[in-house]
Structure formats: structure tokens, C-alpha cells
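Encoded as C-alpha cells, the structure appears first; notes follow it.
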Amino acid sequence: MTNCIIPAIIANSQKELNERIKKVNSKIYQLDIMDGKFVKNKSLWFDFKLPKGKKYEAHLMIKSPRKWIEKNWKKTDSIIFHAESFGSAEGMIKLIRSKRKKVGIALNPGTGLKKIKDQLKKIDLVLVMSVKPGKYGANFIPKALDKVKQIRKFKPNMEIEVDGGINEKTIKMASNFGANRFVVGSYLQKNANPKKAFDKLREIIKT
């Protein structure tokens, strides 16, 4: 279990996708897949292509993740579905495992850990949303970090991601609560020097 920064990619065209990946040279990226129903906005809701030689995780902010997985599972290394999305969590885990992909469950700020406690031993990671999902730049919700602490206590070796509102200040908070993976969107994408910002965050979680 290691600490890492994961740039979040929201895009509505192949050109935009390419530009945002190029902004930050990372080994891993999170692809924010949105259908305009589970959240208001749409993102990567087209047949996109990805640069080779990188790792990708799909964060499925969509109402019916099963269809997307059956069509697109080859594109990514990990697939994260929301606890609040339609369908059986057990069925989703089995489907993703059948594709030999890592499986994660995401929790919105208002969703308690109780909803996925029975699945924690069957998955590879938990993504704790620290903002209301759906766009870059939403306000950080500190109370969401209580779930990180609970998960770390219940399953010490779990990969725990915090997603939303991550910057120089909040990344330290999330790390102190037990997170080891940090999904970063607007702090990088809207920064005048994304590479410098990325390196700065990496230095913070090393200390």
C-alpha cells in the first residue's frame, strides 16, 4: 500500500481528453465517467481512446454501470462503481472480477459506511467522495474524512482514495485520517503550472 496522486480527468471530446492527460505526467489517471443522470454533468460519454503505457481507473458516476462495464471494460485497469447507483453491489463485484479488473466502491458524502461494510472484504479499494460529485472545483467536505478513519480501522490494508477538493491543505488532512490515494481535479487542471502543483502534492504526502 503506497501513497499516490491520481489526476482526475473530466472531458467531453477526445481533444479535451488528450489535452488534460498531457497537462500532468502521471503513471495513473482517474477517468470521471458521467451520464448526466446520476450527476448533472456529462463526461467521457463517448467512445474515447487512451494513451498507452499508463494505468487508468474508471470512476462510474452513472445510474446503470453494468452496461458501461460490459462495453468498455478493456479500457481501464480498475473500475469503481457508486454504492448509490442502480443494481446489486454483489452482482457488480462479480461482473468486474470476471473481467479480471480491480474493483472499487465509491461513497457520496451523504452515504454512510454501513451501506458497503459487507463488501469491504471483497473489493480492492474504497473511494470516499469529499465533495458532491459531478464537476471540478466543488467545496471540500471535511466530515467525509470520518469514513476514511472508520475504513482504515476496519480494514487496515485497504486502498482508500479521497476524491474532491484536494489541495495543499486538504491532502494533508486526508492523509492524517488514513487515506493513501488522492484524486485531484481542479487543483491541477486549473493551475498555471500543473507539473509544479503535482510535484508539490507528492512532496506533502511523502512527509
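Key figures for this structure:
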| quantity | calculated |
| --- | --- |
| Residue satisfying condition, being closer than 21 Å to Lys27 by Cβ, in a helix (DSSP H, G or I) and not aromatic (Phe, Trp, Tyr), within set Ile160, Ile166, Ile151, Ile171 | Ile171 |
| Unmet criterion (only one of (1) surrounded by fewer than 17 Cβ atoms within 10 Å (Cβ to Cβ); (2) more than 19 Å from Lys135 (Cα to Cα); (3) at pLDDT 95 or above) for Phe46 | (2) |
| Residue tally, condition part of a helix (DSSP H, G or I), in contact (Cβ under 8 Å) with a residue 24 or more places away in the chain and among the aromatic types (Phe, Trp, Tyr), over the range 174-207 | 2 |
| Test: residue in the range 55-66 that is closer than 19 Å to Pro133 by Cβ, of a type in the set (Val, Ile, Thr), assigned to a loop (DSSP other than H, G, I, E, B) and touching a strand residue (DSSP E or B) at 6+ places or on another chain (Cβ under 9 Å) | yes |
| Restricting the range 112-129 to residues that are at pLDDT below 95 and assigned to a loop (DSSP other than H, G, I, E, B), the residue that is surrounded by the most Cβ atoms within 10 Å (Cβ to Cβ) | Ile116 |
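For (1) within 23 Å of Lys23 (Cα to Cα); (2) charged (D, E, K, R), each residue gets a yes or a no:
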position: Tyr136; (1), (2): yes, no
position: Lys143; (1), (2): no, yes
position: Ile151; (1), (2): no, no
position: Ala174; (1), (2): no, no
position: Ala192; (1), (2): yes, no
position: Asp199; (1), (2): yes, yes
position: Ile205; (1), (2): yes, no
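The values are calculated or read from the model by the stated rules, or taken from the named source; none is laboratory data. Please read these numbers as outputs of a predicted model, since none were measured by experiment. Backbone-built Cβ (ideal geometry, glycine too); neighbour counts: all protein chains shown.
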